[in-house]
Amino acid sequence: MSSRPIDLHAHSSVSDGTETPAQLIGAAVAAGLGAVAITDHDSTAGWDAACAAATGTGLTVIPGLELSTNFGPASVHMLGYLVDRFDPQLMAVTERIRDGRLHRAERIVAKIAVDYDLDWADVIAQSTDGGTLGRPHIADALVANGIVASREDAFGSILNWRGGYYEKYYAPSPVEGVRMIVAAGGVAVLAHPASHGKYRPMTDAVIGQLADEGLFGLEVNHRDNTEDGKRWLLKVAKKFGLEITGASDYHGAGKPNRLGENTTTPEVLAKLVARGIGSIAYRG
Ligand code: AMP
Ligand code: FE
Ligand code: FE
Ligand code: ZN
């Protein structure tokens with residue numbers, strides 16, 4: 001396996017990244033990565049274009065997704081690698097989530113439109129046909145309409161969950177999420193589990209339960225995890241025998257996160273690849 005950096009979390013325009021899957025691969029090659037995972041929110045639609053773009057570059061593409069789950073009031077993200085993208089259960093749940101996200105975005109926009117110059121067409125103009133809609137697309141529409149300066153500003157104000165316009169959407173529980181990823185032959189990693197500041201929706205007990213369901217690892221090295229949170233996660237990983245991953249959560253120009261800013265070891269990637277049987281790592 002390559003000794004170049006391994007980045008297991010990146011988004012394309014299939015969800016809320018700003019680059020097409022092919023552009024994401026180009027950026028990964030330019031960043032000198034040995035392997036990159038394409039992990040769009042609730043979608044595997046970028047896989048083929050990503051693999052096609054990687055052909056002949058020497059970059060390995062790990063096909064994946066970032067499954068939305070709900071745990072009480074918190075939105076908890078679950079990375080699923082090497083799943084069978086035609087698994088009926090996974091296809092049905094991701095379709096239901098994407099549909100829920102679409103209607104939820106419509107509800108958010110309807111509320112914002114009462115107070116600001118924004119309509120649905122503005123948001124659609126910022127998204128990709130068939131892609132997974134999220135608040136970042138609404139943020140981009142707010143920027144385009146001159147209401148906020150950046151995605152960051154939008155999330156700090158109007159789109160914040162306390163901003164007065166927030167709406168939830170359907171998602172399975174984290175336990176269901178791990179079960180579905182594992183049933184689809186995939187490898188489940190809990191994404192940025194300490195990214196909510198002082199509030200930790202995931203507890204030792206809940207992570208233990210996810211481990212019992214076959215959770216593979218914890219995304220410890222991620223810029224949104226607090227330093228305290230990382231120390232806690234290392235202990236939890238040890239306690240339940242979970243692997244440790246690191247990744248950038250690259251969103252192109254949509255976030256400051258840069259490819260390769262956090263990485264996963266070749267040893268952990270090798271274990272992940274050995275465990276995943278729903279699809280294969282693509283060696284481009
Ligand atoms: P949603 O999935 O629609 O609830 O929106 C959450 C998504 O917005 C996450 O996947 C992040 O990628 C993105 N996001 C959250 N906070 C920010 C921020 N401050 N700046 C840019 N993007 C953000
Ligand atoms: Fe995102
Ligand atoms: Fe996430
Ligand atoms: Zn992500």
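Numbers at a glance
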item: Set of lysines with alpha-carbon distance to Lys168 below 20 Å, sequence-local pairs under 8 removed; result: Lys111
item: Within region 54-97, backbone nitrogen closer than 14 Å to the virtual label 7 Å beyond the Cα of Gln209 toward Cβ; result: 70-74, 76
item: Per-pair calculated FRET efficiency, R0 = 22 Å: Asp129 and Asp99 via Cβ, rounded to 0.05; result: 0.90
item: Net lengthening on full extension, Ala92/Thr55 (0.36 nm per residue, minus Cα-Cα); result: 10.3 nm
item: Under 30 Å from Lys235, Cα to Cα: lysines that are on another chain or at least 8 residues apart; result: Lys198, Lys255, Lys271
item: Helical mean residue ellipticity (222 nm; -39500 (n - 2.57) per DSSP H run of 4+; nearest 500) of the chain; result: -11500 deg cm²/dmol
item: Partner aspartates and glutamates for Lys239 [C-alpha distance under 15 Å; skip if fewer than 8 residues away on the same chain]; result: Asp204, Asp212
item: Student exercise, region 71-115 dipole from Lys, Arg, Asp, Glu Cβ charges, in Debye to nearest 20; result: 140
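Bear in mind that the values in this text are calculations on the coordinates, not laboratory data. Bear in mind that the values here come from a model prediction, so they are computed numbers and not experimental data. A quick note on method: Cβ atoms are made from the backbone with ideal geometry, for glycine too, and the neighbour counts reach across all protein chains shown.
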